[in-house]
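Just below is one structure, and these are the notes that go with it.
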Amino acid sequence: MPRAGILVQNPYERLTREQVKTIHRASLEILRDPGLICFNDRAADIFAAAGADVSSVEKSDPPHWIVKIPERLVDEAIGSAPKTVTLGARNPDNALVMNGDESRVYFITGSETNIWLDADFQSYTKKSDPSVEIHVPEFIPRRGTVADLCMSAHISEHLDTLDGFIRNVNIQDKDITEENKDVNKLFASLNNTTKHVQAGLTSLSQLDNVMKMAEIIAGGEEALRQNPIISLICCLVKSPLQFVDDTTEAFMEICTRGIPVVVSSAPQAGSTAPIKEAGILAQINAEVLAGITLGQIVNRGTPILYGTVPAKTRIDTLSDSYGAVETSQYTIDCTQLARFYGIPNYSTSGVSDAKVPGQQSSIERLFSNITVTMSGPQFLHCAYGLLDCNSVFSPLQAVLDDAHFTMIKYFLRSPRIDDGEINEILTQIRTVLPTPHKLFISYIRKVMRSGLLSPLYPFEGDREHDTVFHMAHERMKELLAKPVGHIDREKTSRIFNEIPGLLPRLNIYGEGR
Amino acid sequence: MNDIIAQLRENVIQGRMTRDDEGIDDTLTGPGVVELTQMALDNKLPVKDIIADGLTAGMEIVGEKFNAREYYVPDMLASAEAVSEAMDILKPHLKAADLAMKGNFAIVTVKGDIHDIGKNIVAILLKGAGYEVFDLGIDVPTDKIIDYVRENKPDFLGLSALLTTTMLVMGEIIEALKSEGLRESVKVLIGGAAVSKEFAREIGADAYCADGFEAVRVLDSYQAS
């Protein structure tokens, strides 16, 4: 049985059907003229062979081509892209089954961050009541390491609402190089969570090793195909409308392997895309459709997610503003576009502009988490613990986010109104009304044990000072103390023997240290 | 232990008042606390054993589960309500068994206030704890309360108010009890969202009870002393 996620009934949509078609037509127009700039010669050749209008730009350095994609190729790609994509997991019960026509939302961690944010709690005595001790966090940023990534995956394994894991810590240890980064980040992730793992590929040279590792863990090539425990993400189109050389090359290779892959685009409205809603939508849709078209030409039927990470530009710094309400609007629109094509959507919410956990962070992330979830994207890269846009990961914030998503999941459950329910409540009302106390309290008991009632906020204090951070920090420590089902000794031994570049300290069985 | 009394205890733990009550998890079926209490009487089981080994023993386990956070307030209330129904059945037999209720408790929501959820919960819990509870209702004028105290001589008077406007009536009631020479005959407990320990002291009440559980503790402490 795959994970349940949350099935959103009547997903929230901002665009009319006609507006969706208008954006679709505008995207097709962009793909025809001006087309995309392509810095990868093989992709240019593949497009040309498939019937696109490809022209070389004279004396360009680096060399590049203009690729104009006709509607026919886009239609064929949309037709051949699977409408259902399964993301497997080490524990098959953690598999995610995403259908492009079904608004079942899975919650996944956020992107690769450079900074890990520790929380160190200082104790103070309350001035007005010295018997009360107040715990206040001091947040300490530092560069992320592979040990941190292990810790993040470990915490994620035990966060109830979290359905999958994107490696969210950029491992920056001194012994991590471009050549060994992929195998170490994937092993650190896979060894500490039994949920689905997704990552970007740092070096194409490591794709074979990554695939081999996944095959060993899954139980062979065919087993991996049936249960793809990893998926990869490629941002092959840099906004505006440019096929990047190395990522496009990696993307095409990944497509030939048949492993699920996200075609992601992340334009900024106001800097790398038009500031107006219609503009960023038409452009991001064109960019994703261009990627999907290339992927399907390379390997028809390769499982692909329609990945959209639009953001508004901050007017003070010109960086991404994920906390802006427009960012949520663009994101919700993109989910609607993906649904128009019937392709599962990789979407984003919960990224905050705030640099530390606190009120701004809670307001921004909860706003987008609620609204974007309501739009029904299948794969919600929802930034558990991410701060300062995509640059900081706070495990404390991730634990807080789990509580947020518990609330959201309860909020989005389908109403239960049918004859059976009505008969039951009529009996209750007729029973209670003649009693002296006129209270329905006794009927709560069974319902509250059935899981139908939302739980109390888990970090609620009982005094006049805020205990949320301290309680969440204690919860985080509890999660880290819980065991994780690691990869077994035999498979670990094979992985360390057959795959070069793995750091011996990641072998929990101590071999090769 | 007699099988009926053992069943009675288990049904108190499940808070099953009658055979139709689904309890906490549908694990118990058959007669509930009301039916089992009647069966115990019909089988001429000692009233003392019915109360001590069935009702009180069950409530003690409920209390333990509540303290261990295995049970919540609704569970406690359901059990207390079931016990209070059982006590209504047993009341005519207490004297013959040389037993008595712990005391008479009159509870009322004062004039101008119609809120009664808290009052009703306190009433259920106190009744379940062995007190005879007389609910005078809501929005009750002060002179009616004074008349009731004069005529019925309750051991305890519980005053409830939710509003900052109506809580002032509590002070008026205590003053009226004094002027009628009744203040020393009854202990006055106050409760409700608007009031506090400080306010109780200010108006000369005997105790402030934050909730029904505290009301049981306060009244039991008078028993002990």
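Every number in this text was worked out from the coordinates using simple rules, so none of it is lab data. Values in this document were obtained by computation on a predicted structure and should not be read as measured data. Here the Cβ is made from the backbone with ideal geometry for all residues, glycine too, and neighbour counts use every protein chain on show.
Figures for the structure shown
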read-out	value
Alpha-carbon spread of the stretch B:97-136, three principal axes, descending order, Å	42, 15, 8
Chain A: angle of helix A:277-298 to the longest principal axis, Cα-based, in degrees nearest 10	60 degrees
Chain A: calculated mean residue ellipticity at 222 nm from DSSP helix runs of at least 4, using -39500 (n - 2.57)	-13000 deg cm²/dmol
Shape of the stretch A:474-513, Cα gyration tensor, a/c cut at 1.5	prolate
Computed lengthening from A:GLU138 to A:GLN19, 0.36 nm per intervening residue step minus Cα-Cα distance	38.1 nm
Most fluctuating residue given options B:SER179, B:SER160, B:SER196, as computed from a GNM of chain B linking Cα atoms under 10 Å	B:SER179
Reciprocal mean inverse distance between Cα atoms of the protein assembly as shown - Kirkwood radius, Å	30.2 Å
Per-residue mean of C-beta atoms belonging to partner chains within 10 Å, peptide B:13-23	2
Computed over the stretch B:104-224, Kirkwood Rh from alpha-carbon pairs, angstrom	13.8 Å
Helix-only [θ]222 nm of chain B, DSSP H runs n ≥ 4, -39500 (n - 2.57) each, per residue, nearest 500	-15500 deg cm²/dmol
Net lengthening on full extension, A:ALA4/A:ARG225 (0.36 nm per residue, minus Cα-Cα)	77.4 nm
Reciprocal mean inverse distance between Cα atoms of the stretch A:371-513 - Kirkwood radius, Å	20.7 Å
Under the span-like rule (Cα at least 24 Å along the axis, Kyte-Doolittle mean at least 1.0), DSSP H helices of chain B	none
Separation between Cα centres of the stretch A:273-294 and the stretch B:81-156, rounded to whole Å	72 Å
Computed E for A:THR125/A:ASP93 - FRET, C-beta separation, R0 45 angstrom, nearest 0.05	0.40
Peptide-level mean, for B:75-82, of C-beta atoms on other protein chains within 10 Å	3
Rg followed by Dmax, in Å, when the stretch A:384-468 is reduced to its Cα trace	19.3, 61
Separation of the A:PHE440 and A:LEU426 label points, Cα + 7 Å toward Cβ, nm	1.6 nm
DSSP beta bridges in chain A [antiparallel fraction, %, rounded to 5]	50 percent
D_trans [Stokes-Einstein, Kirkwood Rh over alpha-carbon pairs] for the stretch B:3-94, 10 °C, 1.306 mPa s, µm² s⁻¹	125 µm²/s
Scattering curve values for the stretch B:47-116, log₁₀ I(q)/I(0), Debye with Cα scatterers, q = 0.11, 0.19, 0.25, 0.28 Å⁻¹	-0.38, -0.88, -1.09, -1.20
Mean projected area in nm² (Cα convex hull; one quarter of hull surface) for the stretch A:215-332	8.2 nm²
Residues of the stretch A:344-360 with amide N under 20 Å of a point placed 7 Å along Cα→Cβ from A:TYR12	A:345-354, A:360
Percent breakdown of C-alpha pair distances by 5 Å bin, ordered from the shortest bin, for chain B	1, 7, 15, 17, 17, 14, 11, 9, 6, 2, 0, 0
Amide H contacts under 5 Å for A:ILE275, placed H, 5+ residues apart	A:GLY270
Antiparallel %, DSSP beta bridges [both residues in the stretch B:104-224], to 5	0 percent
Relative contact order (percent, whole number), the stretch B:104-224, Cα cutoff 8 Å, 6+ residue spacing	28 percent
Degrees between helix A:489-498 axis and first principal axis of chain A (Cα, 0 to 90, nearest 10)	30 degrees
Separation of alpha-carbon centers, the stretch A:308-360 and the stretch A:114-175, rounded to whole Å	24 Å
Inter-site label distance for A:LEU480 and A:GLU178 at 7 Å from Cα along Cβ, in nm	3.3 nm
Acute angle (nearest 10 degrees) that the helix A:325-341 long axis makes with the longest principal axis of chain A, alpha-carbon atoms	60 degrees
Inter-probe distance in nm under a simple model that places probes 7 Å from Cα toward Cβ, at B:ALA97 and B:ASP3	2.1 nm
D (Stokes-Einstein, µm²/s), Kirkwood Cα radius, the stretch A:125-203, 0.890 mPa s at 25 °C	168 µm²/s
Alpha carbon Rg of the stretch A:275-321, scaled by the compact-globule rule 2.2 N^0.38 Å	1.48
